[in-house]
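To keep things clear, I will list the structure first and then write my remarks on it.
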Amino acid sequence: MPELPEVETVVRTLRKLVVGKKITSAKIIYPNLLKQPTNINQFETEITGQTINSIERIAKHIIFHFDNKVLISHLRMEGKWFYEEIGSQVNIKHQEAAFIIDDKMQLSYYDTRKFGTLHWQDVDNFRNSKPISTVGPEPFSELVTPNYLFNRINKSRKHIKTILLDQTIISGIGNIYADEILFDAKINPLKSGNELKLDDFEQIITSSRKILNKAVELGGTTIDSYQSAHGIDGKFQNYLKAHTRVGLPCLICGDTITKIKVNGRGTYYCQTCQVLE
Ligand SMILES: [Zn+2]
């Protein structure tokens, strides 16, 4: 599942390819992809003739900006954007949308799992509407301070691993980076929110920024099937210290990395470096 670094990589790739390009026609192939509006014909008509002015990322959402509208894309598990020549679809069976550019290229959306979404909204109020209105600040935001996390988390009995995946508290972190952040912060994933102290939250913020910056720099993590676009693979998988390393020696202390389930999610950690006191 793409997390903040992977979505940032997709956005950077797409910016170079399609900003300034005009959509000359649009087709939604898989109706469930489009959550808003529910009238597909209306959407296809409205987006036709519009130019992609810019692309921004908010947490794991990709925001295509047009003159008065935005198209908000969430890739969920397996969504992918490709910019390709018409007639050369990389995977026609899973193509869910096609935006024809200048009558010869197309920006295609593919999704083998079919969980991805599109919302077409007015630029003036999309930040105050769902899905963006429920997204919490990113780890890089100045709003994310030890006090902010303490106030949001200190009464929670949930495990910190689960809390880090809650996009309304901090956004952009998924299963891979939650493991890496907690390993770096030397915090056990099974600790509950109400057991953590201000120092722990400070460490979580420091580790989040460090890990996510490094992952963005390396184009994200390619495990399972994430690719940004055009088959570009990330390289952060070569730097994972906990996630996927079950049975291997901890790179800090030499103890064996353990895998457990936390709220149904595979979770990797070192019992020695991340002691549960
Ligand atoms: Zn260790």
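Rounded to the nearest 20 debye, the dipole magnitude of the chain is 520 debye, with +1 charges on Lys and Arg beta carbons, -1 on Asp and Glu beta carbons, and the Cα centre as origin. Across the stretch 195-205, rounded Karplus estimates of 3J(HN,Hα) from the backbone phi angles (6.51 cos²θ - 1.76 cosθ + 1.60, θ = phi - 60°) give 8, 8, 10, 3, 4, 5, 5, 4, 5, 4, 5 Hz, Gly and Pro being marked x. Since only T168, L240, L182 are under comparison, the one whose Cα sits farthest along the positive direction of the charge dipole of the stretch 164-277, derived from C-beta charges on Lys, Arg, Asp and Glu, is L240. Does the stretch 119-242 come out rounded, prolate or oblate, given a ≥ b ≥ c as the square roots of the eigenvalues of its C-alpha gyration tensor, rounded meaning a/c under 1.5 and, failing that, prolate meaning a/b above b/c? Oblate, since a/c reaches 1.5 and b/c is not below a/b.
Using a Gaussian network model of the chain with C-alpha springs under 10 Å, which one of N32, N68, N147 is most mobile by mean-square fluctuation? Most flexible of the set in this elastic network: N68.
Kindly identify the chain as rounded, prolate or oblate by the Cα gyration tensor criterion: order the square roots of the eigenvalues as a ≥ b ≥ c, call it rounded if a/c is under 1.5, otherwise compare a/b with b/c, prolate if a/b is larger, else oblate.
Since a/c reaches 1.5 and a/b is larger than b/c, the shape of the chain is classed as prolate.
Using a 10 Å Cβ count of at most 12 others and DSSP loop calls, identify the longest part of the chain lacking such trypsin sites (Lys or Arg not before Pro). Looking at the chain, 1-103 is the longest stretch - no exposed trypsin sites (Lys or Arg not before Pro) with at most 12 other Cβ atoms within 10 Å. Using only side-chain charges placed at the Cβ, +1 for Lys and Arg and -1 for Asp and Glu, the dipole size of the stretch 108-163 relative to its Cα centre rounds to 540 debye. Pairs of lysines in the stretch 52-109 whose Cα atoms sit within less than 21 Å of one another amount to 5, provided the residues are eight or more positions apart or on different chains. Each Lys and Arg contributes +1 and each Asp and Glu -1, all at the Cβ; summed about the Cα centre of the stretch 78-200, the dipole is approximately 720 debye. Counted by Cβ distance under 13 Å from P37, the other residues give a net charge of -1, where Lys and Arg count +1 and Asp and Glu count -1.
Throughout, read-outs are computed from the coordinates displayed, never taken from laboratory work. Bear in mind the structure is a predicted one, so any value in this text is a computation, not a measurement. Every residue, glycine among them, receives a Cβ derived from its backbone with ideal geometry; neighbour counts consider all protein chains shown.
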